[in-house]
Structure formats: structure tokens, C-alpha cells
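Peer 1: This is the structure I have questions about; it appears just below.
Derivation of every value follows stated rules applied to the coordinates shown; laboratory data play no part. Remember, predicted model here, so these are calculated numbers, not experimental data. No Cβ is skipped: glycine too gets one built from the backbone with ideal geometry, and neighbour counts run over all protein chains shown.
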Amino acid sequence: MLYAVLCYDCESEINAWSKELDDKVMADLGAVNQRYAEAGKLGPVARLMPTTAAVTVRKGATDDIIMDGPFAETKEQFLGFFVLEAATLDEAITFARELSAANPANGTYEIRPLQFFNPGVPIT
Amino acid sequence: MTELAWIDLALTSARPQAMGALLRYFRNLDLAEEAFQEACLRALKNWPEKGPPRDPAAWLIFVGRNSGIDQVRKRAKHQPLPPEEVLSDLEDTESDLADRLDGAHYRDDILRLLFVCCHPDLPATQQIALALRIVSGLSVRQIAKAFLVSEAAMEQRITRAKAKVGAAGIPFETPDAVARAERLGLVAAMIYLVFNEGYSAGAPERADTPFCAEAIRLARLLLTLFPSEPEIMGLTALLLLQHSRLDARFDADGQIVLLEDQDRSLWDRALIDEALVLIDKAIRHRTPGALQIQAAIAALHARATTAAETDWLQIDLLYQTLERLQPSPVVRLNRAVAVSKRSGPEAALALVEPLAEKLSGYFYFHGLRGGLLKQLGRYSEAHEAFDRAIALATTPAEAAHIRQHLDCVQREMAAAEK
């Protein structure tokens with residue numbers, strides 16, 4: 001079975017971290033990752049940029065609505081994610097809009113650039 | 001992380017929201033600060049025992065408001081404080097109440113808190129000091145150290161600034177869209193000042209002052225509150241781009257390394273990438289502004305893998321746009337750098353010379369002019385310009401940099417005489 005493990009925390013506190021503390025946390029997390037990667041069990045690992053870098057795509061009555069900032073509602077649940085290489089934000093938005101069009105549901109696609117990405121080892 | 005360090009971070013991150021709400025309640029900076037301090041003391045006592053509250057800001061607002069009201073009553077009636085248990089036993093239901101009370105206001109609360117620090121009567125240094133003390137919660141000692149003044153002098157400066165702000169009256173009405181946009185512009189400029197104070201500190205030993213990181217935190221906070229403001233995206237991007245070069249800006253001896261000579265592998269890619277996304281976001285709004293353009297210029301430098309690959313044509317065009325939006329001799333001077341790279345020193349000098357009167361007291365004017373004259377082989381004029389620049393240098397690193405140019409010019413002059 002594959003598992004996704006998601007990390008939640010208060011962003012304004014993380015933003016108040018010193019660079020030294022941030023580096024240390026990343027190194028400590030990296031050490032845990034390393035052990036699982038060596039056992040051939042760890043897939044992609046990503047750290048998202050702050051939510052201030054986010055753009056959100058939602059279905060509107062006539063056209064898609066593209067909003068600055070993260071997805072803020074709490075009644076929906078986090079269901080899945082995609083990692084896309086895109087040269088520009090517009091390209092990422094186009095991808096999200098295609099997903100939205102292909103999906104009959106009224107879900108929202110939040111676009112969050114990655115600050116850190118480790119593709120991990122091949123796992124099955 | 002130790003418990004104390006965790007609580008300290010929680011207090012720091014909750015501070016703008018809590019101080020903003022307390023300022024709205026008490027309409028007085030000193031009272032709001034005292035109330036917040038008291039709430040922090042109680043947090044340090046309560047949180048280790050009872051665990052962190054779900055919403056630290058709401059907790060601090062609630063406790064701070066109660067203790068502030070007590071203070072007001074105490075001073076008014078000279079009556080003793082009510083027993084501690086009445087206030088300190090706070091449950092989450094009460095926090096929720098505080099949260100409901102404040103949620104609707106919190107955006108304007110924080111904007112007001114930032115706005116009072118950029119009162120037009122306050123000189124830049126006082127705006128910076130006040131914002132770092134009131135909003136960021138830096139200690140007077142930290143601020144004094146960065147400004148190279150004594151703690152007592154800084155304390156006095158902040159007290160005077162607060163008195164001026166108080167006398168001018170703090171605007172408590174909820175701003176309309178126009179007033180809000182105006183406040184936002186002034187606050188953005190103030191945050192840029194905070195950053196520049198750290199950035200231009202000059203030497204690496206002073207570059208570790210928390211000003212730059214603090215300005216970035218404030219810019220991100222502002223962007224969280226106003227997520228669709230392209231100029232705030234521009235501001236945040238600009239600060240991130242400038243800060244990304246921190247490790248490359250000085251050599252091992254503390255000497256300034258010019259942008260074109262910097263080791264670009266030392267630039268912080270994560271900060272640059274974040275800035276580039278913010279610029280992409282801002283461009284989608286199609287309402288250019290001065291901060292967005294400056295960020296776009298900085299981004300062109302960041303995108304160039306080597307100095308030689310810099311897109312000077314684009315940079316020149318962006319400076320021309322900036323000049324139309326915000327005509328200023330300093331912008332013209334910066335444009336001259338791009339022109340010198342595109343079209344050579346002669347064309348650049350033609351742009352620079354007419355600025356002589358307006359920028360006669362400006363270090364960079366004489367530095368750039370000297371550099372252009374030197375490139376043209378007009379050594380004695382270059383020497384004179386560098387002499388003026390060195391007299392206007394504000395940091396040892398600036399002076400040392402000009403000294404190198406002077407030495408070089410003197411060598412050329414000596415060689416010519418032979």
C-alpha cells in the first residue's frame with residue numbers, strides 16, 4: 001500500500017523561523033527521509049512555497065474563476081495532487097483548468113509552487 | 001525546539017494580529033503594548049502547564065484586553081486588581097468568543113497597526129524603529145544595535161515617535177477602498193524602508209541584523225491580508241530577490257562584491273523562485289506599479305546565469321517605464337547603468353551629467369560618474385568624482401570599494417605621465 005503523509009502547521013510561525021532553524025528542521029527531516037529512501041520505501045517528497053505564492057482555480061457559472069491565494073474553505077477535503085513542471089504560472093493554470101474541465105465535480109484546484117522537491121526512489 | 005523557543009515563536013507570529021486588535025480596543029499605543037506584554041507574561045506562565053491554545057492570537061487578545069481594562073480601571077479608581085483566577089482560567093470557548101469578535105476586523109487591525117508607524121511627520125528612521133518595536137516586537141536593544149546608537153537613545157526615539165503618533169490621532173474608522181489603498185501604499189513603502197535599513201547596513205557583521213528577514217515577514221503578512229494586490233506581490237518579490245543575494249554580496253574580508261562580480265551559485269534559489277512566481281501572479285493583474293517594475297528588473301538579474309547574459313535591453317525598457325510612473329533622478333541614474341551596458345559609457349554619461357545638481361550629495365551618483373569617466377579614459381575627472389564619492393560613503397565597505405577605483409585611476413594617470 002502506498003501512503004501519502006501530509007504536513008500541516010501554522011504558516012505565520014514557520015515564516016518567523018530564522019534561516020538557521022529552517023535549515024536545521026529540513027536537515028532533521030531529511031535524515032528521517034534518508035533511512036526510508038535507503039530501504040527503497042520513500043517516493044517523492046515536496047515542500048510547498050508559502051500560501052502567498054498560491055493561485056486557486058475554481059469553476060464559475062460561465063468561466064473558471066482564478067483567485068490569488070490558497071484554497072480557504074474548510075468544508076471540502078484534500079483529495080489528491082499532481083506535480084507538474086511548468087515554465088510559467090500561466091502554464092500551470094492552464095493545466096489546472098484542463099483538469100477542472102475533465103472533472104465533472106465542482107472541485108477546486110489550488111496551484112502551489114514547490115520550494116523543495118526530492119523525486120525519491122522508484123517504489124511500487 | 002525547547003518549550004520556551006516554541007512559545008516565543010507563537011507570540012512573535014501572533015503579535016501583529018493581537019497588537020492590532022488591542023490597539024483598536026484601547027486606542028492608545030502604550031496601553032495596547034502594556035496589555036500585550038501582560039498577556040505574553042501570562043502565556044509564558046500558562047501555556048507550559050496547560051498546553052498551547054488552539055488560537056494563540058485570540059487567547060492573547062482576550063487576556064490582553066482583560067488585563068488592559070483592569071489597568072484602566074485601576075488607574076481611574078485606584079482600586080486593587082480583581083483576583084487572578086477570574087482572568088487566568090481561560091477555556092477555549094472564551095477564545096472562540098474573542099476569535100469571533102476579532103475575525104471580521106483583523107485585516108484592518110493589522111493594516112492600522114502598520115499604518116500608524118508610517119505617519120508622514122515621522123522621519124524614516126523613526127518609522128522603521130517604531131514598526132520594528134510595535135509590530136515585529138524586536139527589543140529596543142536589537143533595534144539600537146542595528147542603528148549603532150545607545151539603547152537609551154533608541155528608547156527615547158521610539159517614545160518620541162509614539163508621542164507624535166498619539167498626538168496626531170490614530171485613525172479608527174474602518175477605511176473605505178480609496179483610504180485603504182492609500183494606507184497600503186504607505187505601509188508598503190515603510191516595509192521597504194525597514195528592508196533597506198538592513199540591506200544597506202553595509203558590512204556582513206551588520207547584515208545579520210534581523211531587519212531584512214523581518215521586512216520579508218511583514219511583506220508576506222501584508223500579502224496574506226491582501227492576496228490580490230499586485231503591488232504587494234511586487235514588494236514581496238523585490239525584497240526576496242534582494243535578500244537572495246545576501247551570501248554573495250560581501251567577500252571574506254567584508255568588502256562589497258558588485259552584482260556583476262558575485263558568485264551566482266551563492267544566490268538563494270528558493271527565494272528567487274518564490275519571487276518569480278509572485279511576479280508571474282502580479283503580471284496577471286495587468287496593473288503595473290513601481291514596486292512590480294523594480295521586482296521585474298531584479299528578476300532579470302536573477303534569471304541571468306552569468307553577468308554577461310543579463311538582458312540589459314529589457315532592464316533599460318523597464319527603467320523607462322519606471323521613469324514614466326515615478327520620475328526621479330535616482331531612477332534615471334539606475335537606468336544609466338543599463339544604458340552603459342547596452343550602448344557604452346558615453347551614452348550613459350550623457351544621461352548622468354544633467355543630474356549633477358540634484359544628486360550632488362548622493363554617493364552612487366559620483367561613484368557611477370567616476371566609473372563612466374574612467375571607462376572613457378578621462379582619468380583626472382574620474383579621480384575628482386571618486387574623491388567626492390569617498391567623502392559621501394556611509395560605510396567602510398563603500399569607502400573601500402571607491403578606494404580600489406581611485407588606486408586604479410592613479411595607476412593609469414601615473415602610467416600616462418611616463
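Peer 1: Return the lysines within reach of B:K341: Cα separation strictly under 18 angstrom, same-chain partners fewer than 8 residues apart disregarded; answer none if there are no such residues.
Peer 2: B:K374
Peer 1: Let me ask another. Report the Rg/Rh value for region B:105-205, based on alpha-carbon coordinates and the Kirkwood definition of Rh.
Peer 2: The Rg/Rh ratio comes out at 0.99.
Peer 1: Strictly over 28 Å apart at the Cα level, which of A:K19/A:K41; A:K19/B:K50; B:K74/B:K164; B:K45/B:K74; A:K24/B:K162; A:K19/B:K281 would you flag in this model?
Peer 2: Long pairs (Cα-Cα over 28 Å): A:K19/A:K41; A:K19/B:K50; A:K24/B:K162.
Peer 1: Provide the FRET efficiency to the nearest 0.05 for the B:E49-A:D9 pair, computing r from the beta carbons and using R0 = 25 Å.
Peer 2: 0.65
Peer 1: Residue by residue through region B:225-237, what is 3J(HN,Hα) from phi via Karplus (6.51 cos²θ - 1.76 cosθ + 1.60, θ = phi - 60°)? Round to whole Hz and write x for glycine and proline.
Peer 2: Once θ is set to phi - 60°, the couplings for region B:225-237 become 6, 10, x, 10, 9, x, 5, 6, 4, x, 4, 4, 4 Hz.
Peer 1: How long are the semi-axes of the equivalent ellipsoid of region B:225-321, taking √(5λ) for every eigenvalue λ of the Cα gyration tensor, in whole Å from largest down?
Peer 2: The three semi-axes for region B:225-321 are 25, 15, 10 Å.
Peer 1: On a 0 to 90° scale, report how tilted helix B:363-375 is relative to the longest principal axis of chain B, with both axes built from alpha carbons and the result rounded to the nearest 10.
Peer 2: Computed tilt is about 20 degrees.
Peer 1: Here is a further query. Direction-averaged shadow area of the convex hull around the Cα atoms of chain B, nm²?
Peer 2: Here the figure is 23.7 nm², rounded to one decimal.
Peer 1: Output the 0 to 90 degree angle, nearest 10, between the alpha-carbon long axis of helix B:396-417 and the longest principal axis computed from the alpha carbons of chain B.
Peer 2: Approximately 0 degrees, to the nearest ten.
Peer 1: Next question. Can you tell me how much longer the chain between B:T125 and B:A414 gets when fully stretched, taken as 0.36 nm per residue apart minus their C-alpha distance, in nm with one decimal?
Peer 2: Length gained, B:T125 through B:A414: 99.6 nm.
Peer 1: Something else now. Would you pull out the residues with amide H under 5 Å of A:E110's amide H, same chain only if 5 or more places away, H placed 1.01 Å from N?
Peer 2: Close amide H contacts, sequence-distant or interchain: A:V57.
Peer 1: Tell me the Kirkwood hydrodynamic radius of chain A in angstroms, computed as one over the mean inverse distance between distinct C-alpha pairs.
Peer 2: One decimal place: 16.6 Å for the Kirkwood radius.
Peer 1: While we're here: Counting partner chain Cβ atoms within 10 Å of every residue's Cβ in A:64-76, what's the average?
Peer 2: Average neighbour count from other chains, rounded to a whole number: 2.
Peer 1: Taking the protein assembly as shown, how much of its Cα-Cα pair set, in percent, is spaced more than 29 angstrom apart?
Peer 2: 61
Peer 1: Amide H to amide H under 5 Å from A:V45: which residues, 5+ apart in sequence or cross-chain, H placed 1.01 Å off N in plane?
Peer 2: A:N118, A:G120
Peer 1: Also, quick follow-up: What is the mean projected area of the alpha carbon convex hull for region B:319-418, to one decimal in square nanometres?
Peer 2: Orientation-averaged projected area of the Cα hull: 6.5 nm².
Peer 1: How far is helix A:89-102 tilted off the main Cα axis of chain A, in degrees rounded to 10, range 0 to 90?
Peer 2: In chain A, helix A:89-102 runs at an angle near 70 degrees to the longest axis.
Peer 1: Here's something else I'd like to know. Straight-line reach from A:K75: which lysines have a Cα under 20 Å away, not including same-chain ones fewer than 8 places off?
Peer 2: A:K59
Peer 1: Charges on Cβ only, +1 for Lys and Arg, -1 for Asp and Glu, centred on the Cα centroid of region B:105-205; of B:I158, B:P171, B:V116, which one is farthest towards the dipole's positive end?
Peer 2: B:I158
Peer 1: Another question about this same structure. In region B:325-388, which trypsin sites (Lys or Arg not before Pro) are in a loop and have at most 16 other Cβ atoms within 10 Å, using DSSP for the loop call?
Peer 2: B:K358
Peer 1: Further, regarding this structure: Quick check on chain B: helices-only [θ] at 222 nm, where DSSP H runs of length 4 and up contribute -39,500 (n - 2.57) each and the sum goes over total residues. Nearest 500, please.
Peer 2: Dividing the helical sum by the residues of chain B leaves -23500 deg cm²/dmol.
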